[in-house]
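The values are calculated or read from the model by the stated rules, or taken from the named source; none is laboratory data. Here the structure is a predicted model, which means the values were calculated and not measured. Cβ atoms come from the backbone with ideal geometry, glycine included; neighbour counts cover every protein chain shown.
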Amino acid sequence: MNERYDKILIILGIILIFIFFLFYFWWQAKLIIGEKIAFIDIQGTILKSEKILKIIEKCERDPKIKGVILKINSPGGSVAATYEIYESLKKLKEKKKIIVYLENIATSGGYYLALVGDKIVANPGAIIGSIGVRIDIPIVEGLFKKLGIKYEVIKSGKYKDIGSPFRDLTPKERALFEELINDVYADFFVKVKEARKMSEESLRKIADGRIFSAKKAKDFGLIDTLGTFNTALEIAKEITKVKKPFIVRFRRFWSFVEIFDWFAFKFLYSRLYFLP
């Protein structure tokens, strides 16, 4: 009796394994053969670009991917990393349609990336905007004096320690930082103006760092429509003419190094940021 029972269990196990592999190979065949819409998820502060760039490259190489839904939930981040991702998305846009979905927050560098989209959909509860640039320079000189800590700087030129947290900025150094900020802001301004087809006058009124509700952003022309992720998916199907796409999901996860990098540069050093 036990022997017969064991045989039945073995047969059932073999059948289950067969069904599993059958399903697996069906799934893989669908993944390879069927037309696809890729889903790229950009979450949190943008500090590094490498992982996102690899995902974008995969989308670009796959001829079966007809469009991309770029979901953004980010307050911005490093100017350099944001710019690299933006340029890579622009290259991708030459081959694929890009629909942007703004979930909870898309401000500063987060909104900068959204400008690459053929259409921008925003959740009605999203916060959008903060068109601008900033530099954070924490000053710890007073704290060091209280702790009795002294420091010396030996430098090759008078601006070599510009932005040092151990002293206040000189008027000339402040002017240099403001010039740098204005250069980066001018690029941001032009990209918004061209992507959203806005007049300089109308954009100048709102491109001062303020944030907007999704409804206000739509009224000002910063986005195309209000909706959910499903709204973005339906628009993607429509403009790619793929009625039953296979959704390929790519996600970006923070590494320990990125988390450490954020705290180090946020609290110890100055860095140029697209942040609200």
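Taking segment 76-85 as the range and being in a helix (DSSP H, G or I) and either touching a residue at least 60 places away in the same chain (Cβ under 8 Å) or small (Gly, Ala, Ser) (or both) as the test, the residues that pass are Val79, Ala80, Ala81, Thr82. There is no residue in segment 162-175 that is modelled with pLDDT of 95 or more and assigned to a strand (DSSP E or B). The one condition from (1) farther than 30 Å from Ile239 by Cα; (2) touching a residue at least 40 places away in the same chain (Cβ under 8 Å); (3) loosely packed, with under 14 Cβ neighbours inside 10 Å that Lys146 does not meet is (2).
Within segment 128-149, does at least one residue satisfy the condition of being assigned to a loop (DSSP other than H, G, I, E, B) and under 17 Å from Asp219 (Cα atoms)?
Step one: filter segment 128-149 for residues assigned to a loop (DSSP other than H, G, I, E, B), giving 130-133, 137-140, 148-149.
Those still in the list that are under 17 Å from Asp219 (Cα atoms) too: 130-131.
Yes: one or more hits.
Do we have Ile11 as over 22 Å from Phe188 (Cα atoms), over 29 Å from the mean Cα position of the chain (by Cα), at pLDDT below 95 and surrounded by fewer than 20 Cβ atoms within 10 Å (Cβ to Cβ) here?
On the way: over 22 Å from Phe188 (Cα atoms): yes; over 29 Å from the mean Cα position of the chain (by Cα): yes; at pLDDT below 95: yes; surrounded by fewer than 20 Cβ atoms within 10 Å (Cβ to Cβ): yes.
When the stated conditions are applied, Ile11 passes them.
Residues of segment 32-58 that are surrounded by fewer than 18 Cβ atoms within 10 Å (Cβ to Cβ), closer than 21 Å to Val79 by Cα and either in contact (Cβ under 8 Å) with a residue 40 or more places away in the chain or touching a Phe, Trp or Tyr at 6+ places or on another chain (Cβ under 6 Å) (or both): Gln43, Gly44, Lys51. Residues in segment 85-109 that are crowded, with 24+ Cβ neighbours inside 10 Å, of a type in the set (A, V, I, L, M) and farther than 20 Å from Glu60 by Cβ: 2 in all. From the list Ser108, Ser156, the one residue that fits, being without any contact (Cβ under 8 Å) to a residue 40 or more places away in the chain and of a type in the set (Gly, Ala, Ser), is Ser156.
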